[in-house]
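Beneath this line is the structure, given in structure tokens, with notes to follow.
The values are calculated or read from the model by the stated rules, or taken from the named source; none is laboratory data. These numbers come from a predicted model, not from an experiment. Here the Cβ positions follow ideal geometry from the backbone for every residue, glycine too, while neighbour counts run over all protein chains shown.
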Amino acid sequence: MWRADYFGQEHAVETMETQFTTLPPADKLHQLSIPEMKRTDKAKIALPEYRAEGPWNITLTVVSVAPRILQIDNFLSDVEVDHLLDLAHQAHLDRSSTGNAGGEAHISTVRTSRNTWLRRYSTPILDAIYKRGADVLKIEEDLMRHRLPEERPDFPNRKPISEDLQLVHYDVGQQYTAHHDFGYPDARPNAPSRSINLCMYLNEGMTGGETAFPRWRNAHTTDAVKAVPQKGKAMIFYMKNPDGNLDDLSQHAAMPVVDGEKWFMNLWTWDPVRE
């Protein structure tokens, strides 16, 4: 977990998972096996001829202390964003749902967007985004994918602690009112729940569509802190406090789009495991 002691505090991460600057040909954008996704050498990356040279120093900037929110500008390249949007347009977008603590999904006027899901193994570009995400979250990449039997034999299961990428589309008037991404867990000690969201903006220029955190704490205003969509920007916000308790201040809303459209992506990670 990154420290968030004051507004504007910066952290740096060095990664070899540099951005794609040129789209590889279609025959190289194939589905990957687990061995193909496995990181055996951090200095080696897939398809380096289509990517910027590394290493890459990524800057994370604290925009809120409570809840703990950090911003990363230009986390995704234009090539990567366009690839994600191309995959989204090829997929079927369903009406977004809300969930309860029991995991049941419901269609509600609280959330009026549409969404689809993309799996890490779908293309090398998606795999690179997961690995880059693992680096900025300080998580080993193998925890964010299904693992081979010999990997982490002491771990409770072989499931990833991260979810598939959720791509969300908001049209004019669509929104997601204030909510928590976690569901309150059952009474077991250390019951699993979502703990981190690495979310990414895939376009900009719309009116409205900000991500607002209405419960944030500061000494100057009672207004919500709002993240304005910018193409390629990422945000990390933690849903658990350092002591392991769920952070009620992480409640947030996707503000209504007034003009234009909004494309957004969630990458949720669980703690301590995902059942």
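Of the residues that make up segment 103-114, is at least one modelled with pLDDT of 95 or more and part of a loop (DSSP other than H, G, I, E, B)? Talk me through it step by step, then tell me what you get.
Step one: of segment 103-114, the residues modelled with pLDDT of 95 or more are none.
Within segment 103-114 (the criterion being modelled with pLDDT of 95 or more and part of a loop (DSSP other than H, G, I, E, B)), the answer is no, since none of the residues qualifies.
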Q: Report, by residue number, each residue of segment 210-231 that is basic (Lys, Arg) and either modelled with pLDDT under 95 or more than 14 Å from Pro256 (Cβ to Cβ) (or both).
A: Arg215, Arg217, Lys231
Q. Are any of the residues in segment 124-135 surrounded by fewer than 21 Cβ atoms within 10 Å (Cβ to Cβ), of a type in the set (Val, Ile, Thr) and at pLDDT 90 or above?
A. no
Q. Taking the stated definitions as given, is Leu76 at pLDDT 80 or above, within 30 Å of Glu10 (Cα to Cα) and either assigned to a loop (DSSP other than H, G, I, E, B) or under 18 Å from the mean Cα position of the chain (by Cα) (or both)?
A. yes
Q | Residue that is farthest from Val168 (Cα to Cα), among those in segment 217-275 that are in a loop (DSSP other than H, G, I, E, B) and touching a helix residue (DSSP H, G or I) at 6+ places or on another chain (Cβ under 8 Å) | A | Arg217
Q) Could you count how many residues in segment 248-275 are within 16 Å of Thr211 (Cβ to Cβ) and of a type in the set (Asp, Glu)? A) 1
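Quick grid of which residues meet (1) more than 30 Å from Asp82 (Cβ to Cβ); (2) of a type in the set (Ser, Thr, Tyr):
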| site | (1), (2) |
| --- | --- |
| Ile196 | no, no |
| Thr207 | no, yes |
| Glu210 | no, no |
| Phe213 | no, no |
| Val225 | no, no |
| Lys231 | no, no |
| Phe237 | no, no |
| Val258 | no, no |
| Glu275 | yes, no |
